[in-house]
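To start, the structure itself, in structure tokens.
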Amino acid sequence: MELNKQNLFWGMILIGAGILALVRHFVGEFSPQFWILVFAAISLFAFITYALSGWKQWGWLFPVGVFGGLAVTIALATSDLESAAVASPLFIGLIIPFAVVYFMDRVRNWWALIPGGVMVFLALTTLLVDSLGGEWIGALLFFMVALSFLIVYLGNRTRIWALIVAYATAVLGIAPLMAIGGDTAAYFGPIFLFAIALPFFLLYFRSAERWWAIIPAGVLTTVSIVSAFAISGFIQSEQEGAIMNAVMMGGLAVTFAVVWLRNARLWAEPVAMVLAVLAAISFFFTSQYQIYGSVAIILAGGYLLFQSLRARSA
């Protein structure tokens, strides 16, 4: 009957741990060098078992990495190294099994990139946290997650969801870096809105069938521009507010005009016309721009009435 090697291994570990606990109770604490040797021996034993399995049972690499990392961590801690970097070997050890299983079959084992990317981030964090600010660490987290999902997408181009996650998290990684600049952090909102608009622009210009993508692209870009002006302090009076309202209406008018003229969607014509008129009212009649809602309703009704009468006369 074939032995269950995993049960045998962990059974021996538990028995050994119990024996060491009893010995420590009667003899006292063991030296750090003792634990370095113990953890190194366990790591070596697990690696030999992995090798004897024909390099196939990659699960043995977890005790290899964990116990090997613990041995190195204790060695660094006892060398009076006062840095968070002493914990990095533990996370580096945990990278090993995920890296191995991914390269064993990159098609099936793409999932290993996600926990592997987390381990890489934790390892880099412990190495760099003493020399970098918290903003850089926060950005690094988002960029590492983005890189992991980007590799998942590159491994199989049908995983569009992974590309979306990679792009979104990469954009989020900009926010902590902007905080370094002080007041410039406030501009992350407009930047984030425009970053979301970019994929819709790409969808629109790559395929005529995706005409609808220009609507969220145009709306988000317009809101991004107006938000940037508001954050900059440009809008400080009623007149400037009216100008920004004109920019908003104008940007939306251009968006629907593109849908109407370039993509032959006739329903977008009245929308573009009404928005263009509202933009003109806001710009030339700044003191009365608050009435644009009522004017919009009147203009929309008038345009529909005009269209109805024109169709009847034809």
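None of the figures in this text is laboratory data; all of them are computed from the coordinates on show. The structure displayed is predicted, hence computed values, not measured ones. Don't worry about glycine lacking a Cβ; one is built from the backbone with ideal geometry, like all the others, and counts go over all protein chains shown.
The figures follow:
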quantity: Phi to ³J(HN,Hα) by Karplus 6.51 cos²θ - 1.76 cosθ + 1.60 over the stretch 198-209, Hz, x for Gly, Pro; calculated: 4, x, 5, 4, 5, 4, 5, 7, 8, 8, 5, 5
quantity: Taking Trp212, Trp60, Trp161 and counting other C-beta atoms within 10 Å, the order from fewest to most; calculated: Trp161, Trp212, Trp60
quantity: ³J(HN,Hα) computed for each position of the stretch 102-115 - Karplus, 6.51 cos²θ - 1.76 cosθ + 1.60, integer Hz, glycine/proline x; calculated: 5, 6, 5, 7, 5, 7, 7, 9, 4, 4, 5, 5, 6, x
quantity: FRET efficiency, 1/(1 + (r/R0)^6) with R0 45 Å, evaluated for Asn109 and Tyr187 via beta carbons; calculated: 0.65
